[in-house]
Number of protein chains: 2
Amino acid sequence: MRNYSKEDIQALEKYHRINLINTISGLKSVNLIGTQGTTVSNLAVFNSVVHIGANPPALGFIMRPLAVERHTYQNIKKQGFFTINQVHKEIYKQAHQTSAKYPADVSEFNACNFTEEWIDDFRAPFVKESHIKIGLTFVEEQLIEFNKTILIIGQIEKIILPNHGVLENGSVDHDALGTMTISGLYNYYNADAAASLPYAKIDKSDYIK
Amino acid sequence: MRNYSKEDIQALEKYHRINLINTISGLKSVNLIGTQGTTVSNLAVFNSVVHIGANPPALGFIMRPLAVERHTYQNIKKQGFFTINQVHKEIYKQAHQTSAKYPADVSEFNACNFTEEWIDDFRAPFVKESHIKIGLTFVEEQLIEFNKTILIIGQIEKIILPNHGVLENGSVDHDALGTMTISGLYNYYNADAAASLPYAKIDKSDYIK
């Protein structure tokens, strides 16, 4: 058994510590965020998208500190629109490649062989190869004082997905759509449905023994 | 293909809409958050833990609006300590049961058959049955104006996990530890490692064809 104190963690070799902390809290969503820049479109992989609310529908994600150029951030602030696109088994290697530090005038859509898809009048590019596509408007950002990371909040304006990707109760069938999950920045996992559990109620006979 | 506008989403049957929005952004981490109340310990399942930073090491999670009593929130604000504990294949049904609305004087540890574990002098209870245990101090909260949800930030003070749960490079081996992932509030998935991809570099010969 390993039992690390704060001092033990600090004393770990740098990349060992980064890998440990990046992966310690479990498996995360992995998505491609698409934006429109001044000259080219931008696409970047994120592992921090979280649910913010269902009514009005909103999602959030964490942006690292603005110590270097963050094209996704600049584009969202300038344009007010962004897309969140699913990463599945057939595209995860391409999706990962978007994390390379391309200059601002190179579109990761081109560099990583994705196809920009412009749907209806939505003002940010979707990823044609993703099965689930979400269009959002920027509504809020919160600066985290602790380390200057930023929580970005977007309201959902548009959702596109195949008919067979939605179960009768409205839940997305991530099994059918091959949605992947990620640990840290580069450990990709497949997911297989274990069970959909009923709404938990207080009833002594319901307690799990 | 389904193409929902904001108005289409709003017009969906209420639970269909909630399920769709809760599950649309992919698979999430699933963890048990443990706190110490005035009279009993509290344990609750969360699907919103995100990575905030590796140095200093910090995690965050989303707390729903304080329109009703939130024992986890009250305890964290009062005590300043909380634990994040992994959900794995052997305990996910018990973990899910903690989401039932138990009164403040009932400990979900007892009601859901988990064992409180107090480690060293850390002032919040860990879940003995979890393989990965993280102790944190509360450092910051950010109120999201859009819908009054709250981002809670904690600094990592302590990590406990088995030797075989850490790979040589420091990454946690979630395969070996049976870590689960969740879509929405009740769709639990198993995860199977697909690949750990190398750090993405810009090199035309590296582009994925």
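Overview of values
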| read-out | value |
| --- | --- |
| Simple Cβ-charge dipole of the stretch B:42-192, Lys/Arg +1 and Asp/Glu -1, about Cα centre, in debye nearest 20 | 460 debye |
| 7 Å along Cα→Cβ, label-point gaps from B:GLN79 to other copies, nm, shortest first | 4.6 |
| Debye equation applied to the C-alpha atoms of the protein assembly as shown, log10 I(q)/I(0) at 0.07, 0.11, 0.13 Å⁻¹ | -0.30, -0.78, -1.12 |
| Radius 12 Å from Cβ of B:ASP175, net charge of other residues (Lys, Arg +1; Asp, Glu -1) | -1 |
| Qualifying lysines (Cα of each under 19 Å from Cα of A:LYS6; at least 8 residues distant if same chain) | A:LYS14, B:LYS133, B:LYS158 |
| The stretch B:27-192 - convex hull of alpha carbons, volume per residue in Å³ | 120 Å³ |
| Evaluated at q = 0.11, 0.26 Å⁻¹: base-10 log I(q)/I(0), Debye formula over Cα of the stretch A:1-96 | -0.47, -1.38 |
| Point-charge dipole on Cβ atoms (K/R +1, D/E -1) for the protein assembly as shown, about Cα centre, debye to 20 | 300 debye |
| Top of A:ASP120, A:ASP192, A:ASP175 by mean-square fluctuation, Gaussian network on chain A, Cα under 10 Å | A:ASP120 |
| Charge dipole (the stretch B:1-140, unit charges on Cβ, about Cα centre) - positive-most of B:ILE21, B:ILE91, B:VAL49 | B:ILE21 |
| Among A:PRO125, B:TYR4, B:PHE81 - extreme Cα towards positive end, dipole of the protein assembly as shown, charges at beta-carbon | B:PHE81 |
| Karplus 3J(HN,Hα) series, Hz, for the stretch A:54-66 with 6.51 cos²θ - 1.76 cosθ + 1.60 (x for Gly, Pro) | 9, 8, x, x, 8, 10, x, 8, 9, 9, 5, x, 7 |
| Using a 7 Å Cα-to-Cβ projection, B:PRO103 label spacings across copies, nm, ascending | 6.8 |
| Local net charge near B:THR38, Cβ-Cβ under 12 Å (Lys/Arg +1, Asp/Glu -1) | 0 |
| Karplus 3J(HN,Hα) series, Hz, for the stretch A:6-16 with 6.51 cos²θ - 1.76 cosθ + 1.60 (x for Gly, Pro) | 4, 5, 4, 4, 4, 7, 5, 4, 3, 6, 4 |
| Sum of -39500 (n - 2.57) over DSSP H runs of 4+, divided by residues of the protein assembly as shown (222 nm, nearest 500) | -4500 deg cm²/dmol |
| Number of partner chain Cβ atoms within 10 Å, mean per residue of B:101-108 | 1 |
| Residue-count net charge about A:PHE138 - beta-carbon cut-off 15 Å; Lys, Arg +1, Asp, Glu -1 | +2 |
| Choice from B:VAL68, B:VAL106, B:VAL30 with maximal GNM fluctuation in chain B (Cα, 10 Å cutoff) | B:VAL68 |
| Fluctuation leader among A:TYR15, A:TYR186, A:TYR102 - chain A, Gaussian network, Cα springs under 10 angstrom | A:TYR15 |
| Shielding score for A:168-179, defined as the mean number of other chain Cβ atoms within 10 Å | 6 |
| Exam field: B:ASP192 pseudo-label spacings to other copies (7 Å along Cα-Cβ), nanometres | 0.4 |
| Sequence-distant residues sharing a close amide H with A:GLY37 (under 5 Å, placed H) | A:ASN42 |
| Partners for A:LYS128 among aspartates and glutamates (Cα-Cα distance below 13 Å; same-chain residues under 8 apart left out) | A:GLU90, A:GLU116, A:GLU117 |
| Whole-angstrom gap from the stretch B:89-137 to the stretch A:110-177, using each part's C-alpha centre | 33 Å |
| Reachable aspartates and glutamates from A:LYS148, criterion Cα separation under 18 angstrom, eight or more residues apart if same chain | A:GLU69, A:GLU140, B:GLU140, B:GLU141 |
| Inter-chain shielding of A:148-158 (mean C-beta neighbours from other protein chains, 10 Å cut-off) | 4 |
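Values quoted throughout were computed directly from the atomic coordinates according to the rules given, and no laboratory measurement underlies them. Just so it is clear, the model here is predicted, and its values are computed rather than measured. A quick note on method: Cβ atoms are made from the backbone with ideal geometry, for glycine too, and the neighbour counts reach across all protein chains shown.
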